[in-house]
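Peer 1: Below is one structure. I have some questions about it.
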Amino acid sequence: MNEMKVFNILVGLLFAVSIIYVVIAPFTKVEESFNVQATHDILALGLDIDKYDHLQFPGVVPRTFLGPVALALVALPLQFLRAADGSRFPLLLITRSELAVLTVTSITKLLSSFRSVFSSTDACFAALCFLSQFHLLFYSSRPLPNVFALVLTNLANAARVSSPESSVSTFLLCVAAAVFRCEIGILIITTLVADSIVFPKTLPKRLLLGFLGGVLGALASFQTDSAFWKRPCYPELEVFFFNVVLNKSKEWGVSPLHWYFTSAIPRALLGSLPLAVYGLAVDRRLARIVYPNLVFVVIYSYLPHKELRFIFYALPMLNLCAGVGLSSLFKSRSKSKLRYLTFLCGCGLLLASLLVTMFALYASRLNYPGGHALRTMHELEASAERANVLGDDEAHRFVHIDVDAAMTGVSRFLESPATWTYSKEEDHTTLNWTDFSHLVTARPHVEGFKCVHVEQGFIKSSLRELSVTTEPKVFVHVREDLL
């Protein structure tokens, strides 16, 4: 089998694995809440913006609707699809799969550009590195602003790899910064400096196209988001003011300066990390395309609040380095027994990474007890026994979903509006619990209600013992007079 066929098979596996992750862990958490709810509301409510979720639960800072609009428009012809419980759950899978395809397509474009400049062997081993890791493909379908931005940064890096003198990369990075994540401005500066040193004559064109991309992105965001937020709104400007000027992001936790390099990147790359270091050492061509991403991580480390998703944009480039490292070991394997053994050790690193990835996937599936509990509640109520017990006057159920459940997998895609009404009211002092027929809550006992289902949730995992610890996280209660 030639290298091109192997490359195409590996690319196919990238798409397949990303979709498998959607099926195994279909629910979303609080970080993805805005984009998930917005996508649902565009599909379900159309232009009836007053009923949109974000107006009732606006969050700390606004986010752009451009990503949700794109996902919803593609899924629009399939908006009639429903699950057995009447929910739009199939559309959640479809819209997440759309994003997975977009993200993996951008990774494929990056790998193809890499293959054209380096070699098919390098690209094949880089693809294997992607496949062996958990985080990038698991998050490829998760509607975070960082993932939408990752699509554009991958395309920008692909342009930098295949056409070093091209200014397209600057245009794409500026669009990503203006629309989705303003911190990409740091990456714009580091890439401009690196590329201008090597190709100084291209700087004016890069600046012009970058300015054009930023203006177009900002205008598109302002026009779209002002309509959806029902006020003049440019989300990324408000995010920049909140996170950088006010430095309010630290309220979500502070990590040490070195955290990205000592915790986040090692966890994301797993066994590919030493291969990436080796690849950088053996092929100087990688320096120009990779160092701007590493400098971006260094500079961004000075922001106190840190999360792995904030540096997603650098990870694909490090995988290219790992691909070169393993490819170099492969090409020299026949020179001596020691080199052959070293190559086998490199393959062993990827195999170990794959095992860790499978374990992480199993553990991560347990992170969404709220979503599992809500679907289970619908399934229980759909049973023949329940239908026979409830009278016609009680056929429409009213359920309250508390904060803990809402943050761990519940979204409007799971609602069955034909026979259910849902409340996520957070001020419990104003609630009369007897108004509700069902509760999805973190409280194990509620007076006047009987618990009919307990959903286990993730607590901790031990790779050494290959064990995952769970505990009851979300409870489904039914009002006693309905039993």
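The values are calculated or read from the model by the stated rules, or taken from the named source; none is laboratory data. All values derive from a computational prediction rather than experimental measurement. A quick note on method: Cβ atoms are made from the backbone with ideal geometry, for glycine too, and the neighbour counts reach across all protein chains shown.
Peer 1: Anything in the stretch 310-335 that is assigned to a helix (DSSP H, G or I), out of contact with any Phe, Trp or Tyr (no Cβ under 6 Å at 6 or more places or on another chain) and surrounded by fewer than 20 Cβ atoms within 10 Å (Cβ to Cβ)? List them, or say none.
Peer 2: Matches in the stretch 310-335: Phe310, Lys331, Ser334, Lys335.
Peer 1: For the stretch 33-54, how many residues meet the condition of being surrounded by 22 or more Cβ atoms within 10 Å (Cβ to Cβ) and farther than 18 Å from Thr421 by Cβ?
Peer 2: Residues that pass the stated criteria total 7.
Peer 1: I've got another one for you. Got at least one residue in the stretch 342-365 being under 20 Å from Val22 (Cβ atoms), surrounded by 16 or more Cβ atoms within 10 Å (Cβ to Cβ), touching an Asp or Glu at 6+ places or on another chain (Cβ under 8 Å) and of a type outside the set (A, V, I, L, M, F, W, C)?
Peer 2: no
Peer 1: Here are some residues: Arg82, Arg115. Which one is over 17 Å from Gly217 (Cβ atoms), modelled with pLDDT of 95 or more and outside the structural domain of Tyr422 (by TED's automatic domain parsing)?
Peer 2: Working: Arg82 fails: modelled with pLDDT of 95 or more.
Testing whether each residue is over 17 Å from Gly217 (Cβ atoms), modelled with pLDDT of 95 or more and outside the structural domain of Tyr422 (by TED's automatic domain parsing) leaves just Arg115.
Peer 1: Looking at the stretch 441-474, which of its residues are on the phi < 0 side of the Ramachandran plot, assigned to a loop (DSSP other than H, G, I, E, B) and loosely packed, with under 11 Cβ neighbours inside 10 Å?
Peer 2: First, the residues of the stretch 441-474 that are on the phi < 0 side of the Ramachandran plot: 441-447, 449-465, 467-474.
Of the ones still in play, those that are also assigned to a loop (DSSP other than H, G, I, E, B) are 442-447, 463-465.
His445, Glu447, Arg464, Glu465 - these are the residues of the stretch 441-474 that are on the phi < 0 side of the Ramachandran plot, assigned to a loop (DSSP other than H, G, I, E, B) and loosely packed, with under 11 Cβ neighbours inside 10 Å.
Peer 1: Going through the stretch 55-76 one residue at a time, which ones are surrounded by fewer than 18 Cβ atoms within 10 Å (Cβ to Cβ), polar (S, T, N, Q) and within 23 Å of Phe241 (Cβ to Cβ)?
Peer 2: Scanning the stretch 55-76 gives no hits.
Peer 1: Does the stretch 30-42 hold any residues that are aliphatic (A, V, I, L, M) and either within 20 Å of Phe241 (Cα to Cα) or modelled with pLDDT under 95 (or both), and which are they?
Peer 2: Keep residues of the stretch 30-42 that are aliphatic (A, V, I, L, M), which gives 30, 36, 38, 42.
Within the stretch 30-42, Val30 is the sole residue that qualifies.
Peer 1: While we're here: Give Leu439, Leu466 a once-over and let me know the one that is farther than 23 Å from Gln37 by Cα and among the aliphatic types (A, V, I, L, M). Quick ask: steps written out before the conclusion?
Peer 2: On the way: Leu439 fails: farther than 23 Å from Gln37 by Cα.
Going through Leu439, Leu466 in turn, just one is farther than 23 Å from Gln37 by Cα and among the aliphatic types (A, V, I, L, M): Leu466.
Peer 1: Only residues that are assigned to a loop (DSSP other than H, G, I, E, B) and at pLDDT 90 or above: list them for the stretch 425-440, please.
Peer 2: Pass one, the stretch 425-440, residues assigned to a loop (DSSP other than H, G, I, E, B): 425-427, 431-432, 436-437.
Phe436, Ser437, listed by residue number.
Peer 1: Oh, and also: Return the pair list, or none, for Cβ contacts closer than 7 Å from residues in the stretch 455-481 that are closer than 21 Å to Ala405 by Cα to residues that are assigned to a helix (DSSP H, G or I) and charged (D, E, K, R), at least 6 apart or on different chains.
Peer 2: Short answer, once both residue conditions are applied: Val474/Asp404.
Peer 1: State whether the residues of the stretch 26-34 include one that is under 15 Å from the mean Cα position of the chain (by Cα), β-branched (Val, Ile, Thr) and at negative phi. Working first, answer last.
Peer 2: We begin by selecting, within the stretch 26-34, every residue under 15 Å from the mean Cα position of the chain (by Cα); these are 26-34.
Subset that is β-branched (Val, Ile, Thr): 28, 30.
Filter once more, so that each one left must be at negative phi: 28, 30.
Taking every residue of the stretch 26-34 in turn, at least one turns out to be under 15 Å from the mean Cα position of the chain (by Cα), β-branched (Val, Ile, Thr) and at negative phi.
Peer 1: Are there any helices (runs of 4 or more DSSP H) wholly within the stretch 1-105 with 2 or more residues that are touching a residue at least 60 places away in the same chain (Cβ under 8 Å), aromatic (Phe, Trp, Tyr) and out of contact with any strand residue (DSSP E or B) (no Cβ under 6 Å at 6 or more places or on another chain), and if so which?
Peer 2: Numbers: elements: 3-24, 33-45, 53-56, 66-75.
By residue number, 3-24.
Peer 1: Additional query: Quick check: anything in the stretch 147-160 surrounded by fewer than 23 Cβ atoms within 10 Å (Cβ to Cβ) and more than 28 Å from Ile94 (Cα to Cα)?
Peer 2: So far as the stretch 147-160 goes, yes, one or more of its residues are surrounded by fewer than 23 Cβ atoms within 10 Å (Cβ to Cβ) and more than 28 Å from Ile94 (Cα to Cα).
Peer 1: Report whether or not Ser255 is touching a residue at least 40 places away in the same chain (Cβ under 8 Å), of a type outside the set (Phe, Trp, Tyr), part of a loop (DSSP other than H, G, I, E, B) and assigned by TED's automatic domain parsing to the domain that holds Phe310. So that I can check it myself, show each step before the final result.
Peer 2: Numbers: touching a residue at least 40 places away in the same chain (Cβ under 8 Å): yes; of a type outside the set (Phe, Trp, Tyr): yes; part of a loop (DSSP other than H, G, I, E, B): yes; assigned by TED's automatic domain parsing to the domain that holds Phe310: yes.
It is true that Ser255 is touching a residue at least 40 places away in the same chain (Cβ under 8 Å), of a type outside the set (Phe, Trp, Tyr), part of a loop (DSSP other than H, G, I, E, B) and assigned by TED's automatic domain parsing to the domain that holds Phe310.
Peer 1: Could you grab me the full set of residues in the stretch 387-408 that are modelled with pLDDT of 85 or more, farther than 19 Å from Gln56 by Cβ and not hydroxyl-bearing (Ser, Thr, Tyr)?
Peer 2: Passing the criteria: only Arg397.
Peer 1: Can you pull out every residue in the stretch 106-164 that is hydroxyl-bearing (Ser, Thr, Tyr), assigned to a helix (DSSP H, G or I), in contact with a Ser or Thr (Cβ under 9 Å, 6 or more places away or on another chain) and in contact (Cβ under 8 Å) with a residue 60 or more places away in the chain?
Peer 2: Taking the stretch 106-164 first, the residues hydroxyl-bearing (Ser, Thr, Tyr) are 106, 108, 112-113, 116, 119-121, 132, 139-141, 153, 162-163.
This time we only want the ones that are assigned to a helix (DSSP H, G or I), so: 106, 108, 112-113, 116, 120-121, 132, 139, 153, 162.
Right, trim to in contact with a Ser or Thr (Cβ under 9 Å, 6 or more places away or on another chain) and you get 106, 112-113, 116, 121, 132, 139, 153, 162.
Passing the criteria: Thr121, Ser132, Tyr139, Thr153.
Peer 1: Sticking with this structure for a sec: Identify all residues within the stretch 277-291 that are surrounded by 15 or more Cβ atoms within 10 Å (Cβ to Cβ) and either assigned to a loop (DSSP other than H, G, I, E, B) or within 23 Å of the chain's Cα centre (by Cα) (or both); write none if there are none.
Peer 2: Those that are surrounded by 15 or more Cβ atoms within 10 Å (Cβ to Cβ) and either assigned to a loop (DSSP other than H, G, I, E, B) or within 23 Å of the chain's Cα centre (by Cα) (or both): Asp283, Val290.
Peer 1: Given the criterion of a type in the set (S, T, N, Q), at pLDDT 95 or above and either surrounded by fewer than 24 Cβ atoms within 10 Å (Cβ to Cβ) or more than 18 Å from Gly213 (Cβ to Cβ) (or both), identify the matching residue among Ser163, Ser140, Ser167, Ser196. Walk me through it before giving the result.
Peer 2: Numbers: Ser163 fails: at pLDDT 95 or above; Ser167 fails: at pLDDT 95 or above; Ser196 fails: at pLDDT 95 or above.
Every option except Ser140 fails the conditions.
Peer 1: How many residues are within 21 Å of Pro68 (Cα to Cα), surrounded by 13 or more Cβ atoms within 10 Å (Cβ to Cβ) and touching a helix residue (DSSP H, G or I) at 6+ places or on another chain (Cβ under 6 Å) when one looks only at the stretch 229-251?
Peer 2: Number satisfying all stated conditions: 3.
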